[in-house]
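Asks: Take this structure, written in structure tokens, and hold onto it; I'll ask about it next.
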Amino acid sequence: MSGSKTTDGAFFEDFRLGQTIVHATPRTVTEGDVALHTALYGSRFAVQSSRTLAAAIGLPGAPLDDWLVFHIVFGKTVPDISRNAVANLGYADGRFGRPVYPGDTLRAVSEVIGLRESAKGDAGVVHVRSVGINQYDEEVLSYVRWVLVRKRVLDAPPPAPVAPELPAHVPVDALVVPDGVDLRGYDTTLSGSTALWDDYDVGERIDHVDGVTIEEADHMLATRLWQNTARVHFDLHAARGGRFGRRLVYGGHVISLARALSFNGLANAFKVAALNAGRHVAPVFAGDTIYAWSEVVARDALPGRADLGALRLRTVAAKDHPCGDFPDRDAKGAPHPAVVLDLDTTVLMPRRI
Amino acid sequence: MSGSKTTDGAFFEDFRLGQTIVHATPRTVTEGDVALHTALYGSRFAVQSSRTLAAAIGLPGAPLDDWLVFHIVFGKTVPDISRNAVANLGYADGRFGRPVYPGDTLRAVSEVIGLRESAKGDAGVVHVRSVGINQYDEEVLSYVRWVLVRKRVLDAPPPAPVAPELPAHVPVDALVVPDGVDLRGYDTTLSGSTALWDDYDVGERIDHVDGVTIEEADHMLATRLWQNTARVHFDLHAARGGRFGRRLVYGGHVISLARALSFNGLANAFKVAALNAGRHVAPVFAGDTIYAWSEVVARDALPGRADLGALRLRTVAAKDHPCGDFPDRDAKGAPHPAVVLDLDTTVLMPRRI
Amino acid sequence: MSGSKTTDGAFFEDFRLGQTIVHATPRTVTEGDVALHTALYGSRFAVQSSRTLAAAIGLPGAPLDDWLVFHIVFGKTVPDISRNAVANLGYADGRFGRPVYPGDTLRAVSEVIGLRESAKGDAGVVHVRSVGINQYDEEVLSYVRWVLVRKRVLDAPPPAPVAPELPAHVPVDALVVPDGVDLRGYDTTLSGSTALWDDYDVGERIDHVDGVTIEEADHMLATRLWQNTARVHFDLHAARGGRFGRRLVYGGHVISLARALSFNGLANAFKVAALNAGRHVAPVFAGDTIYAWSEVVARDALPGRADLGALRLRTVAAKDHPCGDFPDRDAKGAPHPAVVLDLDTTVLMPRRI
């Protein structure tokens, strides 16, 4: 009966439009996860780092880093969605909801919202909306991603192609400010910067200066911590015979490195509120050193809030290339060869009162 | 006076039959240990991963992974038992007792139950029963292991040879089901598999599919976390002049990797109840990729329990060799060259009600 | 406006005598940090390892390892003090104050107490006293360090040279014994050694026997965990063009390794009370194996305490050189080529009652 009990994951022809997938193994997140997140990325954002600063802005404790929440929810979805993915193509319409605190238990549910067989017919693009939910059934995160998934049976009939409509970015009035937050207690000495929402200009570019080199042990520790089972990250023996000849770093690892690096220039971006869009432009491997820069895409007030505003940011990460020259697309739109990540997020930042 | 205060551990001639050794440095285990365990092995068993699922089956919290408990207890014994071991030869009669929760403090005591000088006279086999105890003096684990320990003084007189009687496996009626456990609340959607105790056949073989590569940093972080002081795992400078020329991975690290891999095929084996026997067949080094397969050796009902049953499993781990072909002993009983671990455990699994 | 929001740290000419620097990003330390500290260093000191043993000597919980506290406070100071340091030259007058427990939030403040431009005029020595403070405004640590910091503007005028007066060591009556501590409940079986304060002689040398090899992932995990942003530890791409061609291990990482190794010979040194002096004699890189030895410099009773006394220790760490021969300075005072650390601390140890 072996074979019926193990899984090698879903293939393209296994997905159905509208299908709902309840992902396995809910995960209680703890202060242990928070410490490991700090050890893996070195993040210094003050509200996540310090209970006293979190309390000063009205939160009941230091919330988990928003990307840590993303990784946990994402990890839940991998066995069902992307185990046989050729590539993780993109993200859209990501909204962070209720803050997550140590002790919360997260689970994930996905719905298939788009299907399109590839031109070659050996794979297809699957769009899913994945939702992370806490132990009170409150939404902590909702986002769309699309992946290219292999077919198991090459002549399986293609589904009717459906592409979901996706917003270019999360509208400002859909951003969630955690209940009780009042930034009047925010301390810009202890947060590491006096630059507030008011001080950023649309079009402004910020080089995040520092770089961090990735080790095999780093990214595997991280990816196991998120219970992400994609074998490309873990199995050197199999990877030797594969496309790259080595293990691939989980794309979310690069997102978290870029977020941690962005402290230098965006120290008061105390919360990620939206993942508007994102693309892993090129693969990352152990030994690569990640740098990043950001551009302010939009600066929006929030309805009814004098204490904080939203900054929409484009953050670009590059490998083995310091970002003082802001590596970007060329005139024809081709990405700079060093660029590995192109991420569009919206962050919350205190306003000058 | 130096020398009297430091220790290079016990040698074969230092052990006495019946000797009781109270091991040093009790250890409070925490959510930090749990998070690191997840980061090191990527385990996804739902009851250990989630407070909500643990509560649903009657437990007061998410218990620690059983092998995490083993590693902590084992680590305590190393300075006194196996610091000068040439080889860790085997395990028997291991029983997991009270579940361990974050905040519990574990200590360990061993009794010497067997001694036999080697034929060459330069070492000897020491059998110990080691017991792990929590802060309430409750037994959390008891197991026998035997190790080949060097002699310091080659002409020290040999002890009368004594070999303990050991059961082939822990009898079913000696298995401990944690107090209050009631599997009627077990959720097979969230646990990751619908295959229950009833669905496994004696003789059935399961390939656990995935592989994980070990890095030097991984196994050293783990082994330090368990406060295991065996120098072969840590000291490259000394290892360069030794038998293998490099650091050896702690055998328990491979056990935990095999357990985590076994989720794919045995997701509902929510608790390890017994370590019947076990042998580290070949050394493991950083760079090796570990795969595993299991065979169902026995399927036993438990007295008075309609909600769960016991599966006795033989789990074999191999390096750099995916286990779809179930690598095993050849006709003459010699192990397949890729095999590194041969482990006989009993797990508990929900029954179909 | 980029450039005004990011920082590349302070240069020598930016410091002013008497200047007070409130460092950013307070940090709540947790059981997650404790577990990682154990995983990184393998420390086994019983009071830090076990709530039950901590309670037995009158503490409300297992306190954090003293060096873990040091690393957190030190890390806070790096972005403001030593981001542009050429070298971390020394430590003096370090006093550990209130014990730190999981859940405490630490912040740091430094005062510039010495300035002296280098003879070459391209850098200068900055002395700072850094103080770590908990959420109750209690001092947990105070120490002086001095660093050689580059100048940004080479012809910036030199300050009047000021060198602080520093004690050769912290006086015994300034050592802090945590409130409520009563060593009569100390258990020398569970602590790992029966050697007490009374058993150590001034001039006695102790080889700590074991060695531990450092991996790149180890020291980067540690240094990120302490939120230490010195780029020399993280950025291989930049390091390739630098002085060593590779990443440098944070000096504090070596201190913690030496402390953990010193358990073998000093198991009852249950608390570090003072950092009298210290010097990183030579750089350490991944791949190096660290060994250590200690010498008892002084043995002092503590006023009013019959249960514990102070040992002043000189601990020397060496790389790729076991310390059975106690590698030290030669006749001309030049350090042994294997030596990497020379540390003068005062520890507390139970007395025989």
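Asks: Using θ = phi - 60° and the Karplus relation 6.51 cos²θ - 1.76 cosθ + 1.60, list the HN-Hα couplings for region B:343-353 in order, rounded to whole Hz, with x at every Gly or Pro.
Replies: So the Karplus estimates, Gly and Pro as x, are 10, 10, 10, 10, 10, 9, 9, x, 9, 6, 10 Hz.
Asks: If you plug each phi of region A:311-317 into the Karplus form 6.51 cos²θ - 1.76 cosθ + 1.60 with θ = phi - 60°, what whole-Hz ³J(HN,Hα) values come out, in order, with x for Gly and Pro?
Replies: 10, 8, 10, 9, 10, 10, 10
Asks: Evaluate peptide B:264-276: per residue, the Cβ atoms of other protein chains within 10 Å of its Cβ; return the mean as an integer.
Replies: That average works out to 2.
Asks: Next question. Roughly how tilted is helix B:31-41, in degrees to the nearest 10 and between 0 and 90, from the longest Cα axis of chain B?
Replies: Orientation of helix B:31-41: about 90 degrees from the principal axis.
Asks: Once R0 is set to 51 Å, what does the formula 1/(1 + (r/R0)^6) return for the Cβ-Cβ distance between residue C:352 and residue B:326, expressed as a FRET efficiency to the nearest 0.05?
Replies: Between residue C:352 and residue B:326 the formula returns 0.25.
Asks: Past the 43 angstrom mark, what percentage of all C-alpha to C-alpha distances in the protein assembly as shown do you count?
Replies: The answer is 36 percent, as a whole percent.
Asks: In nm², what is the average projected area of the convex hull enclosing the Cα atoms of region A:74-148?
Replies: Seen from a random direction, the Cα hull of region A:74-148 projects 5.2 nm² on average.
Asks: Also, I was wondering about something else. On full extension of the chain, what length is gained from residue A:198 through residue A:111, given 0.36 nm per residue of separation minus the C-alpha to C-alpha distance?
Replies: 27.4 nm
Asks: Then there is this: When only DSSP loop residues count, what GluC sites (Glu not before Pro) in region B:105-189 have their Cβ near at most 10 other Cβ atoms within 10 Å?
Replies: Sites meeting the loop and neighbour criteria: B:165.
Asks: Using only the alpha carbons of region B:9-148, what is the convex hull's orientation-averaged projected area in square nanometres?
Replies: Averaging across all directions leaves 8.9 nm² for the Cα convex hull.
Asks: Heavy-atom accessible area per residue, chain C, 1.4 Å probe: how many Å²?
Replies: 34 Å²
Asks: For residue A:165 and residue A:305, what is the calculated FRET efficiency with R₀ set at 35 Å and r taken between the beta-carbons, to the nearest 0.05?
Replies: 0.75
Asks: When the expected Rg is taken as 2.2 N^0.38 Å, what fraction or multiple of it is the alpha-carbon Rg of region B:204-353?
Replies: The reported ratio for this selection is 1.13.
Asks: Please quote Rg/Rh for chain B to two decimal places, taking the Kirkwood radius as Rh and restricting both calculations to Cα atoms.
Replies: 0.96
Asks: Got a number for carbon plus sulfur as a percent of region A:308-351's accessible area, 1.4 Å probe?
Replies: 53 percent
Asks: Still on this model: So if I restrict to the alpha-carbon atoms in region B:85-231, what is the Rg, and what is Dmax, the biggest pairwise distance, in Å?
Replies: 20.2, 63
Asks: How many angstrom separate the Cα center of region B:13-31 from the Cα center of region B:321-353?
Replies: Rounded to whole Å, the Cα centres lie 31 Å apart.
Asks: How much FRET efficiency would the formula 1/(1 + (r/R0)^6) give for residue C:173 and residue C:118, where r is the Cβ-Cβ distance and R0 is 30 Å, rounded to 0.05?
Replies: Approximately 0.25, to the nearest 0.05.
Asks: Give me the mean projected area, in nm² to one decimal, of the convex hull enclosing the Cα positions of region B:112-197.
Replies: Over all viewing directions, region B:112-197 projects a mean Cα-hull area of 10.2 nm².
Asks: Once ligands and nucleic acids are excluded and a 1.4 Å probe is used, how much of residue A:16 is accessible, expressed in Å² to the nearest 10?
Replies: For residue A:16, the solvent-accessible surface is approximately 140 Å².
Asks: Stretched out fully, how many nm does the piece from residue B:189 to residue B:139 gain, at 0.36 nm a residue minus the Cα gap?
Replies: 14.7 nm
Asks: What residues qualify as long-range amide H neighbours of residue C:278, i.e. H under 5 Å apart, gap of 5 or more or another chain, H built at 1.01 Å from N?
Replies: Long-range HN contacts for residue C:278: C:91, C:344.
Asks: Any idea what log10 I(q)/I(0) is at q = 0.14, 0.22, 0.31, 0.32 Å⁻¹ for region C:300-342, Debye with uniform C-alpha scatterers and no solvent?
Replies: -0.49, -0.71, -1.11, -1.15
Asks: Let me ask another. Measuring nothing but label to label, 7 Å from Cα along Cα→Cβ, what are residue A:162's distances to the other copies in nm, shortest first?
Replies: Reported distances to equivalent positions: 7.3, 7.3 nm.
Asks: Got the relative contact order for region A:292-353 handy, in percent, Cα pairs under 8 Å and 6 or more residues apart?
Replies: Contact order relative to length: 39 percent.
Asks: A further question on this structure: Of the peptides C:326-336, B:195-205, how do they stack up when ordered by the mean number of other Cβ atoms within 10 Å, highest first?
Replies: Highest mean packing first, the order is B:195-205, C:326-336.
Asks: Compute the Kirkwood hydrodynamic radius of region A:148-190, taking the inverse of the mean of 1/r over all pairs of distinct Cα atoms, and give it in Å to one decimal.
Replies: Computed over Cα pairs of region A:148-190, the Kirkwood hydrodynamic radius comes out at 16.4 Å.
Asks: Over 21 Å between C-alpha atoms is what I'm after, so list which of C:76/C:319; C:5/C:76; C:151/C:332; B:120/B:151; B:5/B:76 land there.
Replies: Too far apart for the 21 Å limit: C:76/C:319; C:151/C:332.
Asks: Still on this structure, please answer the following. Where the eigenvalues come from the Cα gyration tensor of region A:205-253, what are the semi-axes √(5λ) of the equivalent ellipsoid, largest first, in whole Å?
Replies: Three semi-axes, in Å: 24, 14, 9.
Asks: How high is the relative contact order of chain B, given as a whole-number percent (alpha carbon pairs under 8 Å, six or more residues apart)?
Replies: 19 percent
Asks: Enter the buried accessible area of the C/B pair, total of both sides, probe 1.4 Å, in Å² rounded to the nearest 100.
Replies: About 3300 Å² of accessible surface is lost on pairing.
Asks: Cα atoms only: what Rg and Dmax, in Å, come out for region C:161-228?
Replies: 19.1, 53
Asks: Taking the Cα centroid of region A:36-114 and of region C:172-228, what is the distance between the two, rounded to the nearest whole Å?
Replies: One Cα centre to the other: 37 Å.
Asks: What's the long-distance tail for region C:1-77, i.e. % of Cα pairs beyond 17 Å?
Replies: Taking all Cα-Cα pairs of region C:1-77, the fraction more than 17 Å apart is 62 percent.
Asks: What are the ³J(HN,Hα) values, in whole Hz, obtained from phi via the Karplus relation 6.51 cos²θ - 1.76 cosθ + 1.60 with θ = phi - 60°, for each residue of region B:236-253 in sequence order, with x given for Gly and Pro?
Replies: Each residue of region B:236-253 in turn: 5, 4, 5, 5, 4, x, x, 4, 9, x, 7, 6, 9, 7, 3, x, x, 4 Hz.
Asks: What's the center-to-center distance, using Cα atoms, between region C:119-154 and region A:260-302 in Å?
Replies: 31 Å
Asks: At a probe size of 1.4 Å, how large is the accessible area of residue B:41, to the nearest 10 Å²?
Replies: Using a 1.4 Å probe on the heavy atoms, I get roughly 10 Å².
Asks: Rounded to the nearest percent, how much of the accessible area of region B:63-185 (1.4 Å probe, protein heavy atoms only) is carbon and sulfur?
Replies: Here it works out to 52 percent.
Asks: Next question. Assuming a ≥ b ≥ c are the square roots of the Cα gyration tensor eigenvalues, decide whether region C:270-353 counts as rounded (a/c under 1.5), prolate (otherwise, with a/b larger than b/c) or oblate.
Replies: It comes out prolate by the Cα gyration axes.
Asks: Shortest first, in nm, what separates the label point of residue C:111 from those of the same position in the other copies (7 Å along Cα→Cβ)?
Replies: Spelled out, the distances from residue C:111's label point are 6.2, 6.2 nm.
The values are calculated or read from the model by the stated rules, or taken from the named source; none is laboratory data. No experiment lies behind these values; they were computed from the predicted model shown. With ideal geometry, Cβ positions are generated from the backbone for all residues, glycine too; neighbour counts draw on all protein chains shown. Remember, those area values only see protein heavy atoms, side chains included, never the ligands or the DNA or RNA. Shrake-Rupley method; radii C 1.70, N 1.55, O 1.52, S 1.80 Å.
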